[in-house]
1. Suppose the filter is farther than 17 Å from residue 96 by Cα and either part of a helix (DSSP H, G or I) or at pLDDT 95 or above (or both); does residue 234 pass it?
2. Search region 131-190 for residues being at pLDDT below 90 and part of a helix (DSSP H, G or I), and hand back the single one that is surrounded by the fewest Cβ atoms within 10 Å (Cβ to Cβ).
3. Just give me the residues in region 124-170 being over 26 Å from residue 204 (Cα atoms) and touching a residue at least 60 places away in the same chain (Cβ under 8 Å), in sequence order.
4. Can you tell me which of (1) under 29 Å from residue 93 (Cα atoms); (2) out of contact with any helix residue (DSSP H, G or I) (no Cβ under 7 Å at 6 or more places or on another chain); (3) assigned to a helix (DSSP H, G or I) is the one residue 203 doesn't meet?
5. Counting only residues that are more than 16 Å from the chain's Cα centre (by Cα) and under 26 Å from residue 251 (Cβ atoms), how many does region 143-169 have?
6. Residues that are touching a helix residue (DSSP H, G or I) at 6+ places or on another chain (Cβ under 8 Å), farther than 15 Å from residue 7 by Cα and surrounded by fewer than 22 Cβ atoms within 10 Å (Cβ to Cβ): does region 86-105 have at least one?
7. Just wondering, is there one or more residues in region 1-16 that are exposed (fewer than 15 other Cβ atoms within 10 Å of the Cβ), touching a residue at least 24 places away in the same chain (Cβ under 8 Å), more than 21 Å from the chain's Cα centre (by Cα) and assigned to a strand (DSSP E or B)?
């Protein structure tokens with residue numbers, strides 16, 4: 001079977017406090033985006049788990065890959081046949097688009113379906129959450145308000161119908177741990193729910209903030225310039241996604257992408 005794990009953007013991101021366990025509590029809205037990897041999962045007669053990849057190179061040893069870790073979780077729950085996994089990496093890494101988390105979540109979901117493992121959704125969510133803070137979002141894969149470490153979800157009213165979404169990767173790898181350096185957690189004056197449910201998109205640029213921009217833009221001013229470029233192209237709202245480095249803009253009409261077509265990008269109408 002071949003599936004196509006999608007990416008996400010963050011609509012606003014508040015780092016609200018440091019937790020006793022060393023992690024941070026955040027508030028953000030995850031929104032699914034149709035920029036996808038391709039994941040093939042096949043039973044075979046070889047060793048229990050074989051993995052290969054193409055597209056963007058994947059750093060680290062295979063056993064550190066989230067797909068491998070997801071496979072280990074599944075083998076603790078159910079009997080699985082030997083499988084061969086091939087990942088074609090099209091979502092850039094270090095972009096704040098959640099590609100690795102999505103790959104692992106889709107692996108869990110589709111092994112569960114294909115091999116009839118009968119693992120309930122709540123258990124899949126718990127498994128995904130143990131792999132990474134945003135991994136569980138891709139089990140749901142719909143616009144959700146995320147709190148806690150980014151793995152506690154609630155519905156949100158969000159209508160992007162009729163707008164165009166342009167996501168651009170500036171060929172910069174952003175490190176999440178470094179993004180937290182110099183960042184001071186604080187409670188926002190307005191919650192994301194208040195902003196997104198009660199204010200039009202035309203107000204978002206003044207209200208909707210990604211706290212990571214303050215630390216990442218100092219380290220990578222080219223990302224800040226890209227954000228301003230999207231605003232100059234007519235974006236009603238532009239922001240960095242997650243801890244970067246991808247930047248996105250929301251437009252009333254399809255933008256002219258001539259000036260950014262040399263960057264990897266995705267343009268879609270969310271309607």
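The values are calculated or read from the model by the stated rules, or taken from the named source; none is laboratory data. From a predicted model like this one, the values you see are computed outputs, not experimental measurements. Neighbour counts are summed over all protein chains in view; Cβ atoms, including those assigned to glycine, are modelled from backbone coordinates with ideal geometry.
1. yes
2. 177
3. 131, 132, 135
4. (1)
5. Qualifying residue count, region 143-169: 10.
6. No, every residue in region 86-105 fails to be touching a helix residue (DSSP H, G or I) at 6+ places or on another chain (Cβ under 8 Å), farther than 15 Å from residue 7 by Cα and surrounded by fewer than 22 Cβ atoms within 10 Å (Cβ to Cβ).
7. No, region 1-16 contains no residue that is exposed (fewer than 15 other Cβ atoms within 10 Å of the Cβ), touching a residue at least 24 places away in the same chain (Cβ under 8 Å), more than 21 Å from the chain's Cα centre (by Cα) and assigned to a strand (DSSP E or B).
Every residue, every condition in (1) in contact (Cβ under 8 Å) with a residue 40 or more places away in the chain; (2) assigned by TED's automatic domain parsing to the domain that holds residue 188; (3) more than 25 Å from residue 147 (Cβ to Cβ), yes or no:
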site: 30; (1), (2), (3): yes, no, no
site: 39; (1), (2), (3): yes, no, yes
site: 44; (1), (2), (3): yes, no, yes
site: 49; (1), (2), (3): no, no, yes
site: 58; (1), (2), (3): no, no, yes
site: 62; (1), (2), (3): no, no, yes
site: 70; (1), (2), (3): yes, no, no
site: 78; (1), (2), (3): yes, no, yes
